[in-house]
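The values are calculated or read from the model by the stated rules, or taken from the named source; none is laboratory data. Note that the coordinates shown come from a computational prediction; the quantities given were computed from them, not determined experimentally. Cβ placement follows ideal geometry from the backbone for every residue including glycine, while neighbour counts extend to all protein chains displayed.
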Amino acid sequence: MIYEDFAEFAPQTPIGQGWMGLDLGTKTIGVAVSDGLWSTATPITTIRRKKFGTDAEALLALIADRAPGGIILGLPRNMDGSEGPRCQSTRAFARNFAAKTELPITYWDERLSTVAAERALLEADTSRKKRAEVIDHVAAAFILQGALDRWRHIRANR
């Protein structure tokens, strides 16, 4: 099931199971996971995109291995908050992937996540070659960490 509202998504995920964050690009999918306490996001891998069926198989294998309780897809809104073709593509991917998994799925605004990831890698003095290899799953971790931080804030104010 796909949840437009993040606050409705989180309670649908099992306590003690982490979340999986995805940064969908046209050529790659960055993947990150959280711990079961929903506190820390960790980048794990980048999948080279081929076609939907192959991409879905790779993600389902990661899901089987990591056993997340839910999936958070970065939604690439325009800087003014509007949705363009990349958002439509992400939503189509979510609809198609929801047919292959029972895990709840939601979206997280990913504006500037790649910029933040790039900045963090530069501050860590990561070589240009290594940055190119890891940028997508580091961006996925930034997306996921934003959602984790938001959930911690929501829980604290209930």
(request) Select from the range 74-85 the residues that are touching a helix residue (DSSP H, G or I) at 6+ places or on another chain (Cβ under 9 Å) and at pLDDT 80 or above and list them in ascending order. (result) 74, 75, 76
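Here is a yes/no grid of residues against (1) buried (at least 19 other Cβ atoms within 10 Å of the Cβ); (2) within 15 Å of the chain's Cα centre (by Cα); (3) within 30 Å of residue 156 (Cβ to Cβ); (4) modelled with pLDDT of 90 or more:
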residue	(1), (2), (3), (4)
2	no, yes, yes, yes
46	yes, yes, no, yes
72	yes, yes, yes, yes
89	no, yes, no, yes
96	no, no, no, yes
(request) Test residue 117 against the criterion of being in contact with a strand residue (DSSP E or B) (Cβ under 9 Å, 6 or more places away or on another chain), on the phi < 0 side of the Ramachandran plot, part of a helix (DSSP H, G or I) and modelled with pLDDT under 80, and give yes or no. (result) yes
